[in-house]
Amino acid sequence: MQNFDFLGDDGLVDALLMEAADLMQDFISYGRAGSIDLLGLPLSASCLAALEARLGQGEVAATVSISGESQTRETAIHGLWWTRHADETGRVVALLIEVAAVPEILRADREDMARGLRRLRGLTNFRLARPAS
Amino acid sequence: MLGKSGFSRRGLLKFSIAMTASLALPPGVASAMAANLAQARRQSVIWLSFQECTGCLETLLRTSSPTIAALIFDYISLDYQEALMSAAGSAAELTLRQAVAANRGKYLLAIDGSVPVADGGVYSLTGGQANVSMLQQFAPDAAAILAIGTCAAYGGIPKAYPNPTGAVGVEDVITNKPIVNIPGCPPVPEVLSGVLVYFVSFGRLPDLDDRKRPLAYFGTTIHDQCYRRPFYDQGKFAKSFDDEGARQGWCLFELGCKGPTTHNACASLKWNDNTSFPIESGHGCLGCSEPDFWDQEGGFYTSLAGGKGPGWEDTGIAAAGGIAVGAAAAFAARHKTAKPPQGPQK
């Protein structure tokens, strides 16, 4: 992440909160998830800290361990998530504010679940009933 | 394919999120990119090496994350690359002909090295065929051409004065195909990865600047993204490579840094597992991703201002103006590129 500490904070934080509010309104009205790429903006470290502090801490936090750690947590605003993706070296590759019922990275995929089901069947001593084809 | 590669959808989505951030695409595009990658056929890539030093190939082999590199290689089929393939001689030539025949109109033609055209191109041959002749033979059936490295993009070091081989870039020979230039000596590996993933995902090249470079990576200068930029704005310049200013990490402008006129992603993506880039190692940018960088007036150690930096009396103006211009430029460049792809071009 670049160092933009020499920039002011307040105006950018307010602008980002307004953009997040627009995304929230869009989700509430139309069910469309949205996100803001914070790494792509010239934000200082202090600006990011101020933004994170203003959004507060919510009820949910999760870590996804694949190709490095991804951490997502709900802010004090329901449905507004603070998500940080890091690679295997710990470098942050994406920092997002997400608006969604559940962040996409947490959702289990049906194909992955199908592979999981095969593994699950292999774990038991019983022969589980297979679904009718 | 995902199951075989050991990647779950979450892994592919995370990869896509990182790539969309890298390509300055809206983050919402990541889901579509992941879905497209999950369905994608392996993209045929035919890589021809011309008048070059193999540094560009070395850079591709040193992408920062082995897992990501492995994923990329699941999505491309590197059908011909002389330094990496085991076949040689007539077997290699047969492989090339077969790859072209099997992927006619669909393959990406990757070129590293400049194209010598003097004296009928006799200064660089492969299997007895001049590079310029090979380029003219294989370009028409390509979906697009990737000119990898400054040599392939603009002629590079072989083109340096007096240019005895008549070296030129790919775009000087081929004018009727989509071409993306990925300059750098060598180029940043993640830029090549990003362009490949974009093409595999969306079937088209990413948005380019007026020099056919991917805008997402070349839309800003090294200077705009440099962590030493605040020192430039404050008028703090190192006067030699071992003075107090250099030890304090001050701006290297007066030591010849070409960051202000060089477009590349070194300052943001960095090198060697995100360790550093030349300026972070204490040396000014050479401007290696710009045309004719080797012959630039004054050489590598003369400042762009002609031997001295901005006057100290202008420090206050530079500080105020520089902050505003730098921030606006960085912001504008990111948003200029931030439009979703418009569907396949193939």
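The values are calculated or read from the model by the stated rules, or taken from the named source; none is laboratory data. Model, not experiment: these values are computed from the prediction. Neighbour counts are summed over all protein chains in view; Cβ atoms, including those assigned to glycine, are modelled from backbone coordinates with ideal geometry. Ligands, DNA and RNA are stripped out before the accessible areas are found, and what is left, the full protein with its side chains, is counted by its heavy atoms. Shrake-Rupley method; radii C 1.70, N 1.55, O 1.52, S 1.80 Å.
Below is a table of values for the structure above.
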item: Over chain A: helical MRE at 222 nm, DSSP H runs n ≥ 4 each giving -39500 (n - 2.57), nearest 500; result: -11500 deg cm²/dmol
item: Magnitude of the charge dipole, region B:119-214, Cβ model with Lys/Arg +1 and Asp/Glu -1, debye to 20; result: 40
item: Residue among A:Gly79, A:Gly11, A:Gly56 with the largest mean-square fluctuation in a Gaussian network model of chain A, springs linking Cα atoms under 10 Å; result: A:Gly11
item: Stokes-Einstein diffusion coefficient of region A:5-122, Kirkwood radius over Cα pairs, 37 °C, 0.692 mPa s, in µm²/s; result: 210
item: Relative contact order (%) - criterion: Cα under 8 Å, at least six apart; region: region B:55-190; result: 28
item: Contact order relative to length of chain A, as percent, for alpha carbon pairs under 8 angstrom and 6 or more apart; result: 21
item: Simple label model, 7 Å out from Cα along Cβ direction - B:Arg62 to A:Glu69, nm; result: 2.9
item: Shielded residues, region A:26-53 - accessible-area loss of 20 Å² or more between chain alone and all protein chains, probe 1.4 Å; result: A:Ser35, A:Asp37, A:Gly40, A:Leu41, A:Pro42
item: Listed residues B:Pro178, B:Tyr232, B:Pro158: farthest to the positive end of the dipole of region B:158-254 (Cβ charges); result: B:Pro178
item: Cα-only radius of gyration and Dmax that characterise region B:139-284, units Å; result: 17.5, 57
item: Calculated FRET value between A:Thr89 and B:Asp119, using beta carbons and R₀ = 51 Å, to 0.05; result: 0.60
item: Cα centroid of region B:8-59 to Cα centroid of region A:77-110, whole Å; result: 20
item: Charge sum, other residues only, whose C-beta stays under 11 Å from A:Ile97's C-beta, Lys/Arg counted +1 and Asp/Glu -1; result: -3
item: Chains A and B, summed buried accessible surface - 1.4 Å probe, Å², nearest 100; result: 2800
item: Solvent-accessible area of A:His78 with every protein chain in place, 1.4 Å probe, in Å² to the nearest 10; result: 120
item: Where region A:5-122 is the region considered: accessible area per residue in Å², 1.4 Å probe; result: 52
